[in-house]
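Notes to accompany the following structure.
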Amino acid sequence: MDSVKIALAQIDPTVGDFAGNTRKILEFAERAQSLAADLVIFPELAVCGYWPADLLDKQSFVERAGQALAEVRAWTREPGRPAVLCGGVLPVDASFAGKRIQNVAVLMQRGEQTAVQGKTLLPFYDVFDEQRYFEPATEQHLVLVWTAGGQVPIAITVCEDAWNDKGFWPRRMYAVDPIERLMEQWDAQPAYLRAQPRVIVNLSASPFWQGKRAVRREMLGALAQRHGALVAMANQVGGNDSLIFDGSSVAVGPDGHEIAQAKSFAEDLVVFDTDATPQTQEREHPKTPDPHDFEAKATWDALVLGTRDYVHKCGFRTALVGLSGGIDSALVAAIAVVALGAANVMGVGMPSGYSSEGSKNDARELAIRLGIRFEMLPIHPAYEAQMQILEPLFAGTEFGLAEENVQSRLRGVTLMALSNKFGALVLTTGNKSEMCVGYCTLYGDMVGALAVLGDVMKTRVYELARYANREREVIPRATIAKPPSAELRPEQKDTDSLPPYDVLDPILEAYVERYFSAEQIATEQKVEVELVRQILKLVERSEYKRQQAAPVLKVTKKSFGIGRRFPIAVKVEV
């Protein structure tokens, strides 16, 4: 029996950067060659990056994807180079009705394109909308990898094609199981091929959410055991807009145990033999513990990676954070420093007449501890000038929300002026709890290019702040300890308008992420149903704000943005 030495090349592509992505693919392929790999596997849509969205409707985009694959194919021509299995986009026969392109895995060896496997199962839920662009494959075929010892069969799948195992999922999304089809073909092969160890490979662009790695790993293990096969997945890593890909590429043996494991939230290359055991795997880097259930670490790493890639892939190097002295802005600044470096982050304090001395001191202290530039630009003179302009119309009215929001919007104007002048992206500091109930100001604290904490509930913000302080006190203790407040009126506290966050957040999570009814939430959370309804009304009334918000880094199963689609002008009973 012949074995195959396989490399899982976990890369971080940039959408549309064909030259850069191809260069990265070839660099990893050369590293795999240096480790004597027979086959190197790259993620789904590796040549163009995932997710290209409507770029796929451009013929020039598809043509450039084909040219990138041709360049990789040419690289394999030289003797001694490994075969390359790479994700990309190829046209399909346009003589029949249907989409004009397929999401494909292309096997290239010895200068030839020896196999193309299209993706069969095209997801259309949450952030996915692949049926909008791709024609599904209707057939699966085993392919042969050429090695020094002969030809070895493998079964190729693309991401979702491995996520429909009837033995694992209580309710399947699709009627067809591509892997089951492939295993039936395996059983029909000539005896000499049938005797080879079963190998299933999967090219993935599987986005991260809290708990996803554990589910994915359990699913792949169950798949391996059910079919008596080695299962290897090469997953994309990196941030592309709202989506964060954790990598965590893995190979599991027929008994469900790991043979190889790549890093999470970083590019990596792991090489293993198809007849290997966990003790004989080879790595470029020693394996480090990365427990799947450590959600604070995983969420922190995801936010750091998502922030870094968003800023850099948008062509920027520096970021601005408005520092109020509160915990949200402190956490965003701490994440930005790890993502971009202290020299590339600027904190701006913009106190009004209602900002406490403690908050101003906390903002300054945070900047010192992070080692970032900090500027204090009081907005009170601008606020007084604005109030003078509005006085003829505001005369005789009480101080209220309008006056509060003027302060927030003046801060937005200040940050955007600095952004324009110095070419730095503004990171918004609002959390998911605030976005849920509309406790945020359009064109004010919502101003910015990226909502770093837009998928992090307030209670989780405190958990992440404690994680940020795990080695030293980065975020001042006073910032964490004080009651949260927008400080837009005297003695203001968040609890003036909202229940305590330990009561509010579970209600919001149940409604926004799990779509529970008011009655279900009241029963589950043991709270009054009228309180629940009041909160849910706030959620429904704030949809117009969320649809004007900056892109949100997705770290839960249901985040605001492309994965949650609701109308604005609607009457909903809660």
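The values are calculated or read from the model by the stated rules, or taken from the named source; none is laboratory data. A quick note: this is a predicted structure, and the numbers were derived from the prediction, not measured. Note that each Cβ is placed from the backbone with ideal geometry, even for glycine, and that neighbours are counted across all protein chains shown.
Of note:
- Just so you know, in region 540-574 the residues that are in a loop (DSSP other than H, G, I, E, B) and basic (K, R) include one that is modelled with the lowest pLDDT, and it is K571.
- Number of the condition not met by S324 [criteria: (1) buried (at least 22 other Cβ atoms within 10 Å of the Cβ); (2) polar (S, T, N, Q); (3) farther than 17 Å from A451 by Cα]: (3)
- Test: residue in region 76-83 that is farther than 25 Å from F272 by Cβ, surrounded by fewer than 21 Cβ atoms within 10 Å (Cβ to Cβ) and assigned by TED's automatic domain parsing to the domain that holds L39: yes
- Residue match in region 491-509 (condition: farther than 18 Å from T441 by Cα and of a type in the set (G, A, S)): no
- Q113 being more than 25 Å from the chain's Cα centre (by Cα) and in a strand (DSSP E or B): yes
- Within region 135-146, residues that are of a type outside the set (D, E) have Cβ atoms under 8 Å from residues that are modelled with pLDDT under 90 and buried (at least 18 other Cβ atoms within 10 Å of the Cβ) in these pairs: L142/W186; L144/V152; V145/V4; V145/V152, counting only partners at least 6 apart in sequence or on another chain.
- For region 121-146, filtered to residues that are over 21 Å from the mean Cα position of the chain (by Cα) and acidic (D, E), the residue that is farthest from K557 (Cα to Cα) is E139.
- Counting the residues of region 416-436 that are touching a residue at least 24 places away in the same chain (Cβ under 8 Å) and surrounded by fewer than 24 Cβ atoms within 10 Å (Cβ to Cβ) gives 8.
- Any hit, region 29-40, residues being part of a strand (DSSP E or B), surrounded by 18 or more Cβ atoms within 10 Å (Cβ to Cβ), among the hydrophobic types (A, V, I, L, M, F, W, C) and in contact with a Leu (Cβ under 6 Å, 6 or more places away or on another chain): no
- Extreme residue, farthest from the chain's Cα centre (by Cα), among residues of region 1-19 that are of a type in the set (G, A, S), surrounded by fewer than 21 Cβ atoms within 10 Å (Cβ to Cβ) and modelled with pLDDT of 95 or more: A19
- Test result for L107, assigned by TED's automatic domain parsing to the domain that holds R181, over 22 Å from the mean Cα position of the chain (by Cα) and in contact (Cβ under 8 Å) with a residue 60 or more places away in the chain: no
- The condition of being of a type in the set (A, V, I, L, M), surrounded by 15 or more Cβ atoms within 10 Å (Cβ to Cβ) and at pLDDT below 95 holds for only one of V158, V127, V62, that being V127.
- Of note, G149 satisfies the criterion of being more than 29 Å from V552 (Cα to Cα) and surrounded by fewer than 16 Cβ atoms within 10 Å (Cβ to Cβ).
- For region 279-323, the candidate set comprises residues that are assigned to a loop (DSSP other than H, G, I, E, B) and modelled with pLDDT of 95 or more; within that set, the residue that is farthest from R217 (Cα to Cα) is L323.
- Taking residues in region 361-390 that are at pLDDT 95 or above, and partners anywhere that are aromatic (F, W, Y), the pairs with Cβ atoms closer than 6 Å and at least 6 places apart or on different chains are A367/F374.
- Taking the conditions (1) assigned to a loop (DSSP other than H, G, I, E, B); (2) more than 16 Å from G16 (Cα to Cα); (3) in contact with a strand residue (DSSP E or B) (Cβ under 7 Å, 6 or more places away or on another chain) in turn, R77 satisfies each one other than (3).
- Members of region 321-343 that are more than 21 Å from K458 (Cα to Cα) and touching a residue at least 40 places away in the same chain (Cβ under 8 Å): none
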